[in-house]
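The structure under discussion appears below in the form of structure tokens.
The values are calculated or read from the model by the stated rules, or taken from the named source; none is laboratory data. Just so you know, these numbers come straight off a predicted model, no measurement behind them. Cβ coordinates were reconstructed from backbone atoms using ideal geometry, including for glycine residues, and neighbour counts include every protein chain displayed. Remember, those area values only see protein heavy atoms, side chains included, never the ligands or the DNA or RNA. Shrake-Rupley method; radii C 1.70, N 1.55, O 1.52, S 1.80 Å.
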Amino acid sequence: MIDRRSTLKLALGSAAMLAAPIVRAQNAKPRTRIVFLGTKGGPRVGIGASNPANLLVVNDTPFVIDCGMGVSRQLVSAGVPIPSVKYIFISHHHSDHNLEYGNLFYNAWAAGLSTPIHSFGPKGIEAMTKEYWELNKFDVETRIEDEGRPDPRKLLIAKDITDDGVVLKTSDVTVTAFRTPHPPIVDNFAYKFETPDGVIVFSSDTAYNPKLAEFAKGADVLVHECLYIPAVDRLVATTKNGATLKKHLLDSHTSTEDVGRVAAAAGVKTLVLSHFVPGDDPLVTDDDWTRDVKTNFKGRIVVAKDLMELKLPV
Ligand SMILES: [Zn+2]
Ligand SMILES: [Zn+2]
């Protein structure tokens, strides 16, 4: 594409170059990309990778999937204006996925938002949205009056998801929710985005769930959380509640070996590993993350990094 554009510009000369953007717009194919905004699992904030958040852009419409701490800043770093966000999806109500939900919206409003943002999440997101306005009543009402801003409470439209199924259908994207266990949490949804450039599934945090492979069957991209068990042993060796913490992590997340099983059973083209648990162990290499995945999955594997971009079609 770049090469063709360059050739076109050279051939037509400088006067015609002014018209080039129009030519591009008419010929533009639907453009779809994923940006991994935050790849570290868990709520602790560090100086390394940011907490969980993903961005999907389809035809210039940004969808944010999960709002861990840092999501607003990461969007700015990715060159995406915050007020351009149209949809927010929360997978579950662990704080590493929703802590910056209200503040992401607030930051869009602070940067000049004038059109609504629709948010979706498990039961509780409607109540959380209402309570966010209580928490920030003073600031919001002061700024509406004092700075002449629109009332943000009318611009954030939240919807609780209670069942599996289609939750959003736009002219070019269909989003489907699928409940997956993340003990002790049951209100937890993986999301499938059907776009003109392919199908993308975000696993959410999940225990090993073979049914997720059916939901992701034939997807172009599966973004799956992962747990590296040898590093968990190191992590819990240093904590007082080690045995309990290890049990929690093993019961509620998916080991790298099992991630490979899900990706293979689903037959996805590209598997992206993200939401790393533990997320900030410098001793864990990309080889460690992929070694056991490869025993079961022979397709393309991407180890996500913050702000890495994946273009579709893959
Ligand atoms: Zn998480
Ligand atoms: Zn979680």
Fill in the blank from the handout: Exception for Asp160 within (1) more than 16 Å from ligand 1 (Cβ to nearest atom); (2) part of a helix (DSSP H, G or I); (3) of a type in the set (D, E, K, R) falls at (2)
Exercise for the section: Output the qualifying pairs, or none if there are none: Cβ atoms under 6 angstrom, residues six or more apart or on different chains, first residue in segment 87-114 and farther than 10 Å from Ala53 by Cα and part of a helix (DSSP H, G or I), second residue more than 16 Å from ligand 2 (Cβ to nearest atom) and not β-branched (Val, Ile, Thr). Expected result: Gly102/Tyr132; Leu104/Ser72; Phe105/Leu156; Asn107/Ser72; Ala108/Pro83; Trp109/Pro152
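Can you tell me how many residues in segment 233-263 are in a helix (DSSP H, G or I) and open to solvent by less than 50 Å² (accessible area, probe 1.4 Å)? It would help to see each step written out before you state the result.
In the first step, residues of segment 233-263 are kept if they are in a helix (DSSP H, G or I); the result is 233-237, 242-252, 256-263.
From what's left, open to solvent by less than 50 Å² (accessible area, probe 1.4 Å): 236, 242, 245, 249, 252, 256, 258-260, 262-263.
Residues in segment 233-263 being in a helix (DSSP H, G or I) and open to solvent by less than 50 Å² (accessible area, probe 1.4 Å): 11 in total.
Going by the structure shown, is Lys211 among the basic types (Lys, Arg), part of a helix (DSSP H, G or I) and on the phi < 0 side of the Ramachandran plot? Even if it seems obvious, please write down each step before you answer.
Numbers: among the basic types (Lys, Arg): yes; part of a helix (DSSP H, G or I): yes; on the phi < 0 side of the Ramachandran plot: yes.
Considered against the rule, which asks whether it is among the basic types (Lys, Arg), part of a helix (DSSP H, G or I) and on the phi < 0 side of the Ramachandran plot, Lys211 comes out as yes.
Tell me, yes or no, whether segment 77-92 has at least one residue that is within 16 Å of ligand 2 (Cβ to nearest atom), within 17 Å of Phe276 (Cα to Cα) and open to solvent by 10 Å² or more (accessible area, probe 1.4 Å). Don't jump to the end; show me each part of the working.
First, the residues of segment 77-92 that are within 16 Å of ligand 2 (Cβ to nearest atom): 89-92.
If we keep only those that are within 17 Å of Phe276 (Cα to Cα) too, we end up with 91-92.
Still in the list and also open to solvent by 10 Å² or more (accessible area, probe 1.4 Å): none.
No, there is no match, as no residue in segment 77-92 is within 16 Å of ligand 2 (Cβ to nearest atom), within 17 Å of Phe276 (Cα to Cα) and open to solvent by 10 Å² or more (accessible area, probe 1.4 Å).
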Problem - Residues of segment 97-120 satisfying the condition of being open to solvent by 10 Å² or more (accessible area, probe 1.4 Å) and either on the phi > 0 side of the Ramachandran plot or within 16 Å of ligand 2 (Cβ to nearest atom) (or both) - result: Asn98, Leu99, Glu100, Gly112
Handout entry: Failed item in (1) open to solvent by 20 Å² or more (accessible area, probe 1.4 Å); (2) in contact with a Leu (Cβ under 6 Å, 6 or more places away or on another chain), with Ala216 passing the rest
Key = (1)
Practice task
Please work out if Gly70 is without any contact (Cβ under 8 Å) to a residue 12 or more places away in the chain and over 10 Å from the mean Cα position of the chain (by Cα).
Solution key: no
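With respect to Val236, determine if the residue is modelled with pLDDT under 95 and within 16 Å of ligand 1 (Cβ to nearest atom). Break it down into steps so the answer makes sense when it comes.
Numbers: modelled with pLDDT under 95: yes; within 16 Å of ligand 1 (Cβ to nearest atom): no.
In short, no.
Considering each residue of segment 177-197, count those that are open to solvent by 10 Å² or more (accessible area, probe 1.4 Å) and not in a loop (DSSP other than H, G, I, E, B), and give that number. Steps first, answer last, please.
Taking segment 177-197 as the starting set, the residues that turn out to be open to solvent by 10 Å² or more (accessible area, probe 1.4 Å) are 178-179, 181, 183-187, 192, 194-197.
Okay, now just the ones that are also not in a loop (DSSP other than H, G, I, E, B), so 178-179, 185, 192, 194-195.
Total satisfying the criteria: 6.
Would you pick out the residues in segment 36-57 that are surrounded by fewer than 24 Cβ atoms within 10 Å (Cβ to Cβ) and assigned to a strand (DSSP E or B)?
Filtering segment 36-57 for residues surrounded by fewer than 24 Cβ atoms within 10 Å (Cβ to Cβ) gives 42-50, 55, 57.
Within segment 36-57, Leu55, Val57 qualify.
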Exercise for the section: Quick one: count up the residues across segment 279-314 that are open to solvent by less than 70 Å² (accessible area, probe 1.4 Å), within 26 Å of Pro210 (Cα to Cα) and part of a strand (DSSP E or B). Expected result: 5
Handout entry: Exclusive hit being within 16 Å of ligand 1 (Cβ to nearest atom) and either over 24 Å from Leu235 (Cβ atoms) or of a type in the set (Asp, Glu) (or both), set Asp258, Asp286, Asp280
Key = Asp280
